[in-house]
Amino acid sequence: MNPPKKVLYFDNAATTPLHPKVLEHMMPYLTEQYGNPSGVYSFAREVRKGIEHAREQVAEAIFARPGEIFFTSSGTEANNWVLKGVVETLQHKGGHIITTAIEHHAITHVSSALSKQGVEITYLPVDNEGFVSPSDLIAAIRPDTILISIMWANNEIGTIQPIPELSAIAKSRGVLFHTDAVQAVGHIPVNVENLPIDFLTMSAHKFSGPKGVGALYIRKGTKVNSILFGGAQEKNRRAGTENVAGIIGMGAALNLAVANLKEEQEKVTMLRDYLIERIETTIPKVALNGPRAENTRLPGNVNFSFDYIEGESLLLLLDMQGCCASSGSACSSASLEPSHVLLSLGISHEKAHGSIRFSLGRENTREEIDQLMEILPKQVKQLRAMSPLAEEAETSKAEYEL
Ligand SMILES: *Cc1c(COP(=O)(O)O)cnc(C)c1O
């Protein structure tokens with residue numbers, strides 16, 4: 001395989017590059033430390049120790065206890081576990097789940113599968129910046145509601161939900177609360193100690209860790225059925241031989257991320273605001289999707305609708321210049337349906353189709369944004385020049401001005 005050419009990488013919400021220090025921590029577990037952590041001999045116990053250390057690192061990062069952290073194969077698996085597990089565990093209580101219209105597919109597609117089995121799902125709407133309203137949540141709770149699942153921060157438009165308020169509502173009504181915090185953990189402060197959260201999902205590859213490993217925080221004493229059966233791994237709650245190197249990498253990556261959280265958050269936020277400003281001042285007829293108020297938008301998220309163009313065409317032009325961005329989420333860009341998240345904001349299909357997400361990370365620089373801004377305005381102009389819609393709008397505007 002040829003080494004990939006240097007790219008301008010603005011897709012950190014899809015995945016992040018592995019931190020070199022994290023790889024260093026993982027290496028021994030990919031090579032000489034190959035023992036099965038369930039083994040009884042000391043060679044295996046060394047590996048077990050590594051896993052337990054990683055568990056402590058993950059717990060510490062979110063102010064949980066190590067016994068409350070369960071490693072999984074991904075954020076997706078952790079989300080599946082909560083939804084499917086709680087439905088089974090609380091069958092006797094009822095079959096109603098509340099979630100939102102803007103969750104990742106790792107929630108929405110699980111919900112729709114469950115609804116085929118008779119579970120009722122309420123999808124809370126969001127306002128034009130992507131916020132769930134606490135009063136809508138209160139109104140949606142029923143006697144048979146068994147779970148509320150609301151993402152901490154949205155992967156497409158960056159909206160950070162008022163999790164303290166929403167989880168407190170769940171608690172006051174005695175309903176379990178889950179949050180998909182995959183985009184939040186390692187990027188903004190997350191603390192489960194003083195919040196009534198029962199379940200929280202994390203994924204390593206979103207914070208400079210390896211792919212294929214995630215974790216579920218389950219508050220001590222919270223009952224939830226397992227979805228994977230087999231060996232006694234993860235205290236008999238999640239079977240399957242551990243992804244040892246992945247788990248070590250997750251612990252190391254999260255440890256690094258929280259150690260530098262404040263500086264990274266500030267740095268990435270500045271880059272984000274710089275890119276937003278550059279786009280708004282150089283390209284006409286654009287609209288930022290998602291919120292603007294301080295601490296309500298993920299540090300790295302920039303999402304714009306460009307009038308009169310197809311986001312997919314712009315992505316292809318960007319790709320030709322070695323620039324990686326995304327339209328909708330990575331998972332939906334293979335389909336032609338516009339993103340369910342953007343449509344939930346109440347914007348038109350056209351605007352949703354003309355949207356691009358640039359997600360910035362700790363490795364991005366101001367120079368890279370300047371490089372992007374040398375190509376992006378030209379490409380938008382080029383695509384608009386070919387668009388009959390843009391021409392029509394120009395003509396009608398001209399007529400209007402006459
Ligand atoms: C990436 C992502 C997931 C899925 O995590 P994987 O580890 O890739 O399965 C779930 N939820 C959100 C919000 C995400 O951004």
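The values are calculated or read from the model by the stated rules, or taken from the named source; none is laboratory data. If you're wondering where the values come from, they're calculated on a predicted model, not measured in any experiment. Glycine gets a Cβ as well: all are built from the backbone with ideal geometry, and neighbour counts include every protein chain shown. Protein only, heavy atoms only, side chains kept; ligands, DNA and RNA dropped before computing areas. Shrake-Rupley method; radii C 1.70, N 1.55, O 1.52, S 1.80 Å.
The table below lists the values:
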item: The chain: angle of helix 42-61 to the longest principal axis, Cα-based, in degrees nearest 10; result: 50
item: Antiparallel bridge percentage (DSSP; both residues within the chain; nearest 5); result: 55
item: Cα-Cα over 19 Å, subset of K93/K223; K49/K84; K285/K378; result: K49/K84
item: Segment 20-259: relative contact order in percent, alpha carbon pairs under 8 Å with at least 6 residues between; result: 27
item: Accessible-area composition of the chain, carbon plus sulfur, in percent [1.4 Å probe]; result: 56
item: Size of charge dipole - the chain - debye, nearest 20, with Cβ of Lys, Arg +1 and Asp, Glu -1, no other charges; result: 1400
item: Radius 11 Å from Cβ of L315, net charge of other residues (Lys, Arg +1; Asp, Glu -1); result: -3
item: In degrees, nearest ten, helix 75-89 long axis to first principal axis of the chain (Cα); result: 60
item: Where D144, D11 fall by accessible area, highest first, once all protein chains stay in place (1.4 Å); result: D144, D11
item: Residue among M270, Q161, A204 farthest towards the positive dipole end of the chain, charges placed on Cβ; result: A204
item: Two-site label geometry, E56 and K5: point separation in nm, points 7 Å out along Cα→Cβ; result: 4.8
item: FRET efficiency for E120 and L23, using Cβ-Cβ distance with R0 set to 41 Å, rounded to 0.05; result: 0.35
item: Overall dimensions of the chain as given by Cα atoms, namely Rg and Dmax in Å; result: 22.3, 87
item: For T72, net neighbour charge (Lys/Arg +1, Asp/Glu -1) across residues whose Cβ lies under 11 Å away; result: -1
item: Simple label model, 7 Å out from Cα along Cβ direction - S133 to D273, nm; result: 3.0
item: Separation of alpha-carbon centers, segment 225-265 and segment 116-182, rounded to whole Å; result: 25
item: Calculated FRET efficiency for the pair K381/R65, C-beta based, R₀ 51 Å, to 0.05; result: 0.40
item: Solvent-accessible area per residue, Å², over the chain with all protein chains present [probe radius 1.4 Å]; result: 46
item: Paired Rg and Dmax values of segment 261-401, which use every Cα atom, in angstrom; result: 15.4, 53
item: Sequence ranges 157-168, 238-249, ranked by mean other-Cβ count within 10 angstrom, highest first; result: 238-249, 157-168
item: From phi via Karplus (6.51, -1.76, 1.60), per-residue ³J(HN,Hα) for segment 98-113 in Hz, x at Gly/Pro; result: 10, 9, 10, 6, 10, 5, 4, 4, 5, 10, 5, 6, 6, 4, 5, 5
item: Two-site label geometry, T241 and A44: point separation in nm, points 7 Å out along Cα→Cβ; result: 1.0
item: Charge tally in the Cβ shell below 12 Å around H105, where Lys, Arg are +1 and Asp, Glu are -1, H105 excluded; result: -4
item: Cα lying deepest toward the dipole's positive end in the chain, options V341, P143, C324, charges on Cβ; result: P143
item: Cβ-derived FRET efficiency at R0 45 Å, E263 paired with N36, nearest 0.05; result: 0.70
item: Selected from W152, M250, A184, residue furthest toward positive end of dipole (segment 20-259; charges at beta carbon); result: M250
item: Between helix 261-282 and the chain: long-axis angle, C-alpha atoms, 0 to 90°, nearest 10; result: 20
